[in-house]
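Working notes, structure below.
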Amino acid sequence: MTAAAGTAPAGATTPFFRRAVEGKTLPILIVLGVIVLIWYAFTVYLNAPWQIDAYERAGTEWTAADLVRDTMAQERPVLPSPHQVVAEIWKTTVGTRLTSKRNLFYHAWITLSSTLLGFVIGTALGVLLAVGIVHNRAMDKSVMPWVIASQTIPILAVAPMIIVVLNAIGLSGLLPKALISTYLSFFPVVVGMVKGFRSPEAFQLDLMRTYNASGAQTFWKLRWPAALPYLFTSMKVAVAISLVGAIVGELPTGAVSGLGARLLAGSYYGQTVQIWSALFMAAALAAILVGVVGIGQRMVMARMGEKP
Amino acid sequence: MNANPAIRQEASSPQTSQPVVEAKGLGLTFETNDGPVRALADVDLTINKGEFVSFIGPSGCGKTTFLRVIADLEQPTAGEILVNGMTPEEARRKRAYGYVFQAAGLFPWRTIEQNVALPLEIMGYSRAEQKERVHRTLDLVNLAGFEKKFPWQLSGGMQQRASIARALAFDADLLLMDEPFGALDEIVRDHLNEQLLELWARTGKTIGFVTHSIPEAVYLSTRIVVMSPRPGRVTDVIVSPLPRERPLDIRETPEFLEIAHRVRDGLRAGHGDD
Ligand SMILES: Nc1ncnc2c1ncn2[C@@H]1O[C@H](COP(=O)(O)OP(=O)(O)OP(=O)(O)O)[C@@H](O)[C@H]1O
Ligand SMILES: [Mg+2]
C-alpha cells in the first residue's frame, strides 16, 4: 500500500473493492471460483485412469503431483481443464486471422447470422399468429393445438427433414438452418403474445368501446403497448432457443463452418478441447444475445414510463 | 316507477326538460351457469339535460348495470331505452357520453397528457386541437403542470381526476360515473366532490353518478335514485331542494340532513324486502 493509503482510517478500502463486496460482484466471483475448483477436481478424477494407464505402459515412475499436472495437459482428455479451454479459445480467436476458417469468431458469425435470421422470422411469425389467434375465434380453436403439437416433436428429428426437403426444392445454405431456428423460436413468442394481447382488462376494452374505437385503434393503442413487456420476455427465450436451433441445424447438413460444425468435427476426432471451446463460445453468444434483448427491453420500457 | 311527471318537471333544468336518457320498463337478465340473474327489472327513469342524478343502493342492485346499458356496454333484455333520442348503440357511435370507471384505468405507458389525448386521437382531432383540449381539461380538473408525468407518479385522487379529464376532453354532454371516488379517502373525496360540482356548473353537462355514500349522493345530486336488489329496481326517486350552489358546509344544514334521512329510509325499505 502507498503512504496515502496508510494515512486513511482503518477499514477504508478502495471503491472497487467496496463495490465488489456490497454489490453482486463478490457472490458471483465466489460461485465462479467454486465451479472452477470443482471443474479442476473432476479434470483430475476423470482423466486419471487414462493417465495412469499411460504411465504404466511407458513404465515411468509417477507421483501425485505428476498425475495432477499431466491430467490437466492431455491432448484428448475426457474433460479438458479450464485453462486448456481458455488457451484454445484464445488461440482460435485472437491468435488466428479473422478470415481464417480456423478462427472461432468466424464460426460464431456463421451460426449467429442464421440465429438472427431465424429469430427475426420466428418473432414476426409468432406475433402474426398471436394477432390471428386473439382476433379470430376459429384461429384460436384451430391454430393453437398445432402450435403446441409442433413443439412436442423433438427438433433433432425434424431438423434433417427440413434440411432435406428444402434442399430438394433448391434451398440451401443460410435459410434452411435459419428455418430450424424459426421452428423453435416462434413458439415462445406465440404463447407470450397471446397472453400479452389478452392482458388488457375488461374495463380498458370497454373504455375503447365507449370511444367507438375501431379494431385497429384498439389494437395499436391498447393491445400492442400492453403486450410489449410480454414480447420482450418471450424474445429473450426465443433468441436463446434460436441459437440452439442454428447449432442443431448445422449438425445434419454436414456443414463445415459454424459452431455446430465445430462440435461435430470435435466429436468425430475426439477433440474434446475443441468441443468445449465451441460450447463456451455458444454460451457466450447466448448470453450476449439475451443481454442485447434485455437492453432493448430496458430502453423501450423506460420510454413507456415504467417505474425505474 | 316513482319517476312521475311532477317530479321530473321539478328536477329538470330551468329551461326546457329535454330528456337525455329515457328508460321504459327496462329489464336485464344475465344468463349465468347458476341460472338467470335479474340485474334490472321494470326500470322507468328519465334523466333530463343538465341534471345531476345519483344512483344509490346496496351492492348488486344493478347500478353499474344500468349505467352500462346507457353506455351500450350491456344489452337490455326487456323494455326500451333511448339516449339523446337514439338507441344506446347509435349514441355510442356518435360519442354521446364520457364514462368514468371506478378504477382510474389510465394507461401506464402514457403520460397524463397522452392519456387525456387518447379519446381525441381515436376521434381524429387535429394535433393542435388535441393540445388545446388537453390543456383546457387538465386545467378544469386542476392538474395543470402534471402533463408530462406518468400515472404512477400521481396519487390515487389525481389519477381519478385525470380519468375525469379524459372523459371531458371530447364534447360529450353526458357524463356517466361509476363510483369514481369509491377508493379514495374522505378528505380527498370531499375535495373532489366540490370540484365536480364546480365543473358541472361550469360545463352544464348531464351527469349520472353511482355511489355508495349517502352524503355524497345528497351533496352532489339534483335527484337521487334509490335502488334495491333481487331484482334490481328503482324504489324511490328523491328530488333535492338544495340550491345548485353548494358549499361543503351545506352538509350540516337541516335540509341536507332531512334528504339524507329520506335516502336512508329508502335504502332500509329496499333491504327489508329480502
Ligand atoms: N356480466 C355479468 N354476468 C352475470 N351476472 C352479472 C354480470 N354483471 C353483473 N351481474 C349481476 O347483476 C347484478 C347487478 O350487478 P351490478 O354490478 O349492476 O351491481 P351494482 O349495483 O353495481 O353493485 P356494486 O354496488 O357492488 O357495484 C349482480 O347480482 C351481479 O352479480
Ligand atoms: Mg357497481
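The values are calculated or read from the model by the stated rules, or taken from the named source; none is laboratory data. Predicted model only: the values in this text are computed from it and were never measured. Reconstructed Cβ throughout: ideal geometry from the backbone, glycine too, with neighbour counts over all protein chains shown. The accessibility values were calculated without ligands, DNA or RNA, using every heavy atom of the protein model including side chains. Shrake-Rupley method; radii C 1.70, N 1.55, O 1.52, S 1.80 Å.
Figures for the structure shown
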quantity	calculated
Members of the range A:265-308 that become less accessible by 30 Å² or more once partner protein chains are added (1.4 angstrom probe, chain alone as reference)	A:304, A:305, A:307
Normalised contact order of the range B:107-171, rounded percent, pairs of Cα under 8 Å and 6 or more residues apart	51
By average C-beta atoms within 10 angstrom, highest first, the peptides B:229-235, B:159-165	B:159-165, B:229-235
Separation of alpha-carbon centers, the range A:117-133 and the range B:155-213, rounded to whole Å	43
Student exercise, the protein assembly as shown dipole from Lys, Arg, Asp, Glu Cβ charges, in Debye to nearest 20	1880
Distant alpha-carbon pairs in the range A:104-303 (separation over 25 angstrom), percent	44
Per-residue mean of C-beta atoms belonging to partner chains within 10 Å, peptide B:160-172	1
Separation between Cα centres of the range A:197-232 and the range B:25-47, rounded to whole Å	29
Estimated FRET transfer efficiency when R0 is 41 angstrom, pair residue B:183-residue A:214 (beta carbons, to 0.05)	0.85
Loop sites in the range A:51-136: GluC sites (Glu not before Pro), DSSP, at most 13 other Cβ within 10 Å	A:61, A:75
Over the range B:107-171: Kirkwood hydrodynamic radius from C-alpha pairwise inverse distances, Å	11.3
Nearest-ten-degree value, helix A:224-250 long axis tilted from longest Cα axis of chain A	40
Shielding by other protein chains, A:209-218, mean Cβ within 10 Å	6
Exposure ranking of B:173, B:34 by accessible area [1.4 Å probe, largest first]	B:34, B:173
Surface accessible to a 1.4 Å probe, residue A:247 within the full protein complex, Å²	30
³J(HN,Hα) computed for each position of the range B:101-107 - Karplus, 6.51 cos²θ - 1.76 cosθ + 1.60, integer Hz, glycine/proline x	7, 4, 7, 4, x, 6, 6
Inter-site label distance for residue A:136 and residue B:78 at 7 Å from Cα along Cβ, in nm	4.2
Translational D in µm²/s for the protein assembly as shown (Stokes-Einstein at 10 °C, 1.306 mPa s, Kirkwood Rh from C-alpha pairs)	53
Degrees, to the nearest 10: B:127-140 long Cα axis against longest axis of chain B	60
Carbon/sulfur fraction of accessible area - the protein assembly as shown, other protein chains in place, 1.4 Å, %	62
For the range B:95-123, residues shielded by at least 50 square angstrom of accessible area compared with the chain on its own, probe 1.4 Å	B:101, B:107, B:109, B:122
Under Karplus coefficients 6.51, -1.76 and 1.60, residue-wise ³J(HN,Hα) of the range A:111-118 in Hz, glycine/proline x	5, 4, 5, 6, 4, 5, 4, x
Cα long-axis angle, helix B:186-203 against chain B (0 to 90 degrees, to the nearest 10)	80
Amide H contacts under 5 Å for residue B:20, placed H, 5+ residues apart	B:47, B:48, B:49
FRET E, pair residue B:153, residue A:39, Förster distance 51 Å, beta-carbon r, rounded to 0.05	0.55
For residue B:210, residues with placed amide H under 5 Å, excluding near neighbours	B:55, B:177, B:178, B:179
Probe 1.4 Å, accessible area per residue of chain A, Å²	56
Length released on extending from residue A:279 to residue A:301, taking residue separation times 0.36 nm less the Cα-Cα span	4.7 nm
Area buried, chain A against chain B - accessible surface, total, 1.4 angstrom probe, square angstrom	2200
Calculated from backbone phi, Karplus (6.51, -1.76, 1.60) coupling profile of the range B:113-125 in Hz, x at Gly/Pro	5, 5, 5, 5, 6, 3, x, 5, 4, 5, 8, x, 6
